[in-house]
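Chemist: Supplied in structure tokens, the structure appears directly below.
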Amino acid sequence: MGTRFLPATKSVPKELLPVVDRPALQYIVEEAARAGLGEVLMVTGRNKGAIEDFFDRTPELEAALENKGDADRLAAVQASTDVAQVHFVRQGEARGLGHAVLQAAAFVGDEPFAVLLGDDLIDARDHLLEQMLAVQARHGGSVIALLDVGRENIDKYGAVAVEPGPPGGDGDEVVRVTGLVEKPPVDEAPSSLAIIGRYVLSPAVFEVLRETPPGRGGEIQLTDALATLAGRGEPLHGVVFNGRRYDTGDRLDYLKAVVRLASERDDLGPPLRAWLREFTAALPDDSASSS
Ligand code: G1P
């Protein structure tokens, strides 16, 4: 429901809030397309019609930009829809992430597939999804993305128990996942490694999800279904991510993502960096004034 961004999210789905000049969701679709996944199914819910509109063509707008000779903006508008083939399905009732993934069963069929959660933005320079696809191709089963969030934060995530994994390539560390628990109390967490919003899953997960009872928060949890698969001896690996990730569902992280991504862009970067240097130099030192 996007409660952390109210009142903005009264009428704009949180996934469409702009990160610099494109919706958070566009970065996610671009990430999938870069990894070679050009067929994207969005699992949405009520009040998310604006998302369908965003990924639709806009012939009137495109014609107006063309008539004005505004080639750059025309290219940006067209790129937002040409990047992937986007399909939609509605979840109907918000019964949890596992239930959302289950809505994709008919679309996916009998092949491995990726799940990308809209709140997690992975920097385009870090090739997390590509690495996960390579691990899945080599070892089969399913692969999840992990991040060390520190013990104190683990109760906001799915937490995992791991063992050293097979020797990997030159990317992030690969581990074997032996146990999973959704949002455990800090003192019961198996480690400080959290599941972040990228999964490459075996289609076997659908049959397990259909049998998975509501878990934490009364919701059907993907984490619980993956625990069942791992318990049956299906391969489950984790890629321990070392790169840049932003939780755009969190206001402070969202602001950091906007500033960081804008400051690194060719067009906005130079003037923004110059302004940031002046701005930060003039900031009061909070640590000094509070001590
Ligand atoms: C979901 C998953 C959780 C995972 C998190 C990553 O939780 O259930 O296991 O750690 O995404 O963002 P949510 O954030 O939807 O509560």
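Where a number appears in this text, it was derived from the coordinates with a stated rule and is not lab data. On a predicted model such as this, the values are computed, not experimentally measured, just so you know. Note: ideal-geometry Cβ built from the backbone for every residue, glycine included; neighbour counts use all protein chains shown.
Chemist: Quick one: what are the phi-derived ³J(HN,Hα) couplings along the range 172-181, Karplus 6.51/-1.76/1.60 with θ = phi - 60°, whole Hz, x for glycine and proline?
Modeler: Calculated HN-Hα couplings, in order: 5, 5, 10, 10, 8, 9, 10, x, 9, 9 Hz.
Chemist: For a quick check of your reading of the filter: which GluC sites (Glu not before Pro) in the range 51-130 sit in a DSSP loop and have no more than 15 other Cβ atoms within 10 Å?
Modeler: Those satisfying the criteria are 93.
Chemist: From the helices alone, meaning DSSP H stretches of at least four residues, give me the mean residue ellipticity at 222 nm for the chain, per-run term -39500 (n - 2.57), in deg cm²/dmol to the nearest 500.
Modeler: After summing the helix terms and dividing by the residues of the chain, the value is -10500 deg cm²/dmol.
Chemist: Moving on. Average projected area of the Cα convex hull of the range 81-238, in nm²?
Modeler: Its average projected convex-hull area is 10.0 nm².
Chemist: Right, here's the next one. Give the peptides 277-286, 27-36, 102-111 in descending order of average Cβ contacts within 10 Å, highest first.
Modeler: Per-residue mean Cβ counts within 10 Å order the peptides as 27-36, 102-111, 277-286.
Chemist: Net charge within 14 Å of residue 66 by Cβ-Cβ distance, Lys/Arg positive one each and Asp/Glu negative one each, not counting residue 66 itself?
Modeler: Values: positive: 57, 68, 73; negative: 60, 62, 70, 72.
Combined, the nearby Lys, Arg, Asp and Glu give -1.
Chemist: Can you work out ³J(HN,Hα) from phi for every residue in the range 69-79, in order, using Karplus 6.51 cos²θ - 1.76 cosθ + 1.60 and θ = phi - 60°, giving whole Hz and x for Gly and Pro?
Modeler: With the stated coefficients, the range 69-79 comes to x, 8, 5, 5, 5, 4, 5, 5, 5, 5, 4 Hz.
Chemist: Something else now. Please work out the C-alpha center-to-center distance from the range 109-173 to the range 256-287 and express it in whole Å.
Modeler: Answer, in whole Å: 31.
Chemist: Provide the net charge surrounding residue 119, with neighbours chosen by a C-beta distance below 9 Å and charges set as Lys +1, Arg +1, Asp -1, Glu -1.
Modeler: Numbers: positive: 14; negative: 15, 120, 247, 250.
Local net charge: -3.
Chemist: Using a 10 Å cut-off around each Cβ, can you sort 87, 237 from fewest to most neighbouring Cβ atoms?
Modeler: Ascending Cβ contact count within 10 Å gives the list 87, 237.
Chemist: Could you grab the relative contact order for the range 1-127? Cα pairs under 8 Å, six or more apart, rounded to a whole percent.
Modeler: On the way: 108 pairs, mean separation 38.6, N = 127.
That works out to 30 percent.
Chemist: So, in the chain, how many Lys pairs have Cα atoms under 29 Å apart, if the pair is 8 or more places apart or on different chains?
Modeler: Value for the chain: 14.
Chemist: Using only the C-alpha atoms of the range 239-289, find the volume of their convex hull and express it per residue in Å³.
Modeler: So the per-residue Cα hull volume is 126 Å³.
Chemist: Under the Karplus relation 6.51 cos²θ - 1.76 cosθ + 1.60, θ = phi - 60°, what is the ordered set of whole-Hz ³J(HN,Hα) values for the range 153-167, x standing for Gly and Pro?
Modeler: 9, 5, 6, 9, 9, x, 10, 10, 9, 9, 10, x, x, x, x
Chemist: Which far-off residues, 5 or more places away or on another chain, put their amide H under 5 Å from the one on residue 17, with H placed in the peptide plane?
Modeler: 24
Chemist: Using the Cα gyration tensor of the range 1-155, with a ≥ b ≥ c the square roots of its eigenvalues, what is the shape: rounded (a/c below 1.5), prolate (a/b larger than b/c) or oblate (neither)?
Modeler: It comes out prolate by the Cα gyration axes.
Chemist: I would also like to ask the following. Is the range 1-47 rounded, prolate or oblate when judged by the Cα gyration tensor, a ≥ b ≥ c being the square roots of its eigenvalues, rounded requiring a/c under 1.5 and prolate requiring a/b larger than b/c?
Modeler: oblate
Chemist: So what are the chain's ellipsoid semi-axes, whole angstrom, largest first, if each one is the square root of 5 times an eigenvalue of the alpha-carbon gyration tensor?
Modeler: The three semi-axes for the chain are 32, 26, 19 Å.
Chemist: Just from the alpha-carbon atoms, what are the Rg and Dmax of the range 213-274 in angstroms?
Modeler: Here Rg and the maximum Cα pair distance are 19.2, 56 Å.
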